[in-house]
Amino acid sequence: MNLGYACINLTLSNNTPKITTNRSMVKKTFLNKGLDYASELGLANCKDLIKILKWNINNKIKFFRLSSEFFPWASEYNLQDLKDYNQIKSVLLEAGLLAKNNNLRLTAHPGPFNVLVSPRESVVKNTINDLSMHGEMFDLLGLERSPYNKINIHCNGVYGDKFLAMNRFCENYEKLPNSVQSRLTIENDDKSSMYSVKDLMYIHEKIGIPIVFDYHHHKFCDGGMSEKEALKLAVSTWPKQITPVVHYSESKSYHESNSLIKPQAHSDYINNIPKLYGIDVDIMVEAKAKELSILPFID
């Protein structure tokens, strides 16, 4: 079992100068400064990734979710168009080798605007473009084309008919490049009207992608299954040779004894690690305090 955190290292982001992989810009700046500035920010993000990975290794953290913000406004260009592309390739390859040589698992969780179930062609096209960029970046890092280095998404919509929506997911999955298909996973939701692990088995049985079990989400969308049942079902969808990933967070409302906060909201820290029922998994902790939330649990 490995514990991981997502995207931002708070310790390093408080450094001067700040160490981050989330340098970005508003659309107006992008239009004014163009590709050259996007390239500079992207390269700086890639260089800082190496610093974050080294920090993780030094602190015995073997699991890390990459930011989806490495390349500002990446939907507006191809990575090869960036003036620093060759240097970006070199830096990312170095980062990937560093992770591989130190058994540091890297994954990604592209945002909620990625909607393969959408009935709108433009939304699906944008989703394919964004996921393809993630796949390309993972290839530049030299990461496995397998769910070990997963690219995880939600269905992100029902559109009045859950099964029609899931069928669209499966149809649109076939339009993705292998760099994405081979790494794609899908996660259960935190609203009762959305997708439980039980629902997502329909997608798994059609196209074979693994299901990521989210403990916190399951509390709000259990599909009539216990935590243990849903966890075991999700884990059963993973290739035997790859350690499954689960997501874990705790309720901010509970932590702060504040009923005005949505119970789905994530707490800053966690009090415990989840019950594993004897199953070996890697746990991505989705807490607002990032690496600070898991350090007390690292051996």
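Values in this text are rule-based calculations from the coordinates and carry no lab data. Since this is a predicted model, take the numbers as computed values, not measurements. Here the Cβ positions follow ideal geometry from the backbone for every residue, glycine too, while neighbour counts run over all protein chains shown.
The alpha-carbon of K228 sits under 18 angstrom from the alpha-carbons of these aspartates and glutamates, leaving out residues fewer than 8 places away in its chain: E187, D189, D190, D199, D214, E250, D280, D282. Sequentially through segment 249-259, phi angles give Karplus couplings (6.51, -1.76, 1.60; θ = phi - 60°) of 8, 10, 6, 4, 4, 5, 4, 9, 6, 10, 6 Hz, Gly and Pro residues having no value and appearing as x.
Just add up the charged neighbours of P17: K/R +1, D/E -1, any other residue whose Cβ is under 12 Å from the Cβ of P17. Present the calculation step by step, with values, prior to reporting the outcome.
Details: positive: K18, R23, K47, K51; negative: D48.
That sum, taken over residues with Cβ under 12 Å, equals +3.
Neighbour counts of other Cβ atoms within 10 Å put L233, L93 in the fewest-to-most order L93, L233.
By its C-alpha gyration tensor, with a ≥ b ≥ c as the square roots of the eigenvalues, how is segment 70-165 shaped: rounded for a/c under 1.5, else prolate for a/b larger than b/c, else oblate? Judged from the Cα gyration tensor, segment 70-165 comes out oblate (a/c at least 1.5, b/c at or above a/b).
Charge tally for C155 (other residues, Cβ to Cβ under 14 Å; Lys, Arg +1; Asp, Glu -1): -2.
For D268, the residues 5 or more places off, or on other chains, whose built amide H falls under 5 Å of its own are K288.
Averaging Cα coordinates gives a centre for segment 44-94 and one for segment 219-297; these two points are 27 Å apart. For D214, the residues 5 or more places off, or on other chains, whose built amide H falls under 5 Å of its own are N188, H247.
Assuming a viscosity of 0.890 mPa s and a temperature of 25 °C, what translational diffusion coefficient in µm² per second does Stokes-Einstein assign to the chain, Rh being the Kirkwood radius over Cα pairs?
On the way: Rh = 19.8 Å.
Translational diffusion coefficient: 124 µm²/s.
Based on the alpha carbons, how large is the Rg to Rh ratio for segment 2-145 when Rh follows Kirkwood?
Values: Rg = 15.3 Å, Rh = 15.9 Å.
Reported Rg/Rh, Kirkwood definition of Rh: 0.97.
For segment 171-299, the alpha-carbon coordinates run over 44, 37, 28 Å along the three principal axes, in decreasing order.
Under 20 Å of direct C-alpha separation, and excluding same-chain neighbours fewer than eight residues apart, K232 reaches these lysines: K150, K198, K206, K219, K240, K275. Overall form of segment 152-219: oblate. Here a/c, set by the Cα gyration tensor axes a ≥ b ≥ c, is 1.5 or more, and a/b is not larger than b/c. Summing +1 for each Lys or Arg and -1 for each Asp or Glu among the other residues whose beta-carbon sits under 12 angstrom from that of V197 gives -4.
Pairs of Lys residues in segment 27-70 that lie 8 or more places apart, or on two chains, and have C-alpha atoms under 22 angstrom apart add up to 6.
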